[in-house]
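Let me begin by presenting the structure, written as C-alpha cells, before commenting on it.
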Amino acid sequence: MGQLTERLGSISVVGLDTAIFIYHFERHPRYFPLTQELFSGIEAGLRKGVTSTITLMEIIVKPLALGRQDVARKYEALLVNFPNLDIVELD
C-alpha cells in the first residue's frame, strides 16, 4: 500500500480530471507513480473512479489533431472499459 492509498483512506469515490489521465498515459516522471497507484486501486475495487464525458473528449482531441486515430481509439477504449470507472454526462 502506497502513500496515496493511505491518504485516501476510506474514501470510496474519487473524481478524476483530464490531467490525471494525461499524466498516466504519457508516463509523466513526477506523477506517473501516483497515477499508477491510484488506477491500480480503482481497478482492484478499493474505490470507484468517476470522470466526465468532457474528459473523454479532451483525452482524444490531441491524438485526433495529430492524425493519430489509433491512439484516440486506444485512449477511448481504456477509459470506457476501465473497471470501476464511471464516465458521466454533465447536465
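Check S52: other-chain or 5+ apart residues with amide H under 5 Å from its amide H, H built from backbone geometry? Close amide H contacts, sequence-distant or interchain: V88. Relative to the Cα centre, the charge distribution of the chain, modelled as +1 at Lys and Arg Cβ and -1 at Asp and Glu Cβ, gives a dipole magnitude of about 280 debye. Computed from label points 7 Å out along Cα-Cβ, the spacing between S40 and L90 is 3.2 nm.
Relative to the dominant Cα principal axis of the chain, helix 69-81 is inclined by about 30°. Here the simple spin-label model places points 7 Å from the Cα toward Cβ, and for S10 and R73 these points are separated by 4.6 nm. Shape analysis of the chain based on the Cα gyration tensor places the equivalent ellipsoid semi-axes at 23, 15, 10 Å, largest first. Cα-based values for segment 42-91, radius of gyration first and Dmax second, are 11.9, 37 Å. Summing charges over neighbours of Q69, with a neighbour being any other residue whose Cβ is under 15 Å away from its Cβ, gives +2 when K and R count +1 and D and E count -1.
Summarising the label geometry, the points placed 7 Å from Cα in the beta-carbon direction at R30 and V61 lie 2.3 nm from one another.
All of the numbers you see were taken from the coordinates with simple rules; none came from a lab. Model, not experiment: these values are computed from the prediction. Neighbour counts run over all protein chains shown; Cβ positions are idealised from the backbone, glycine included.
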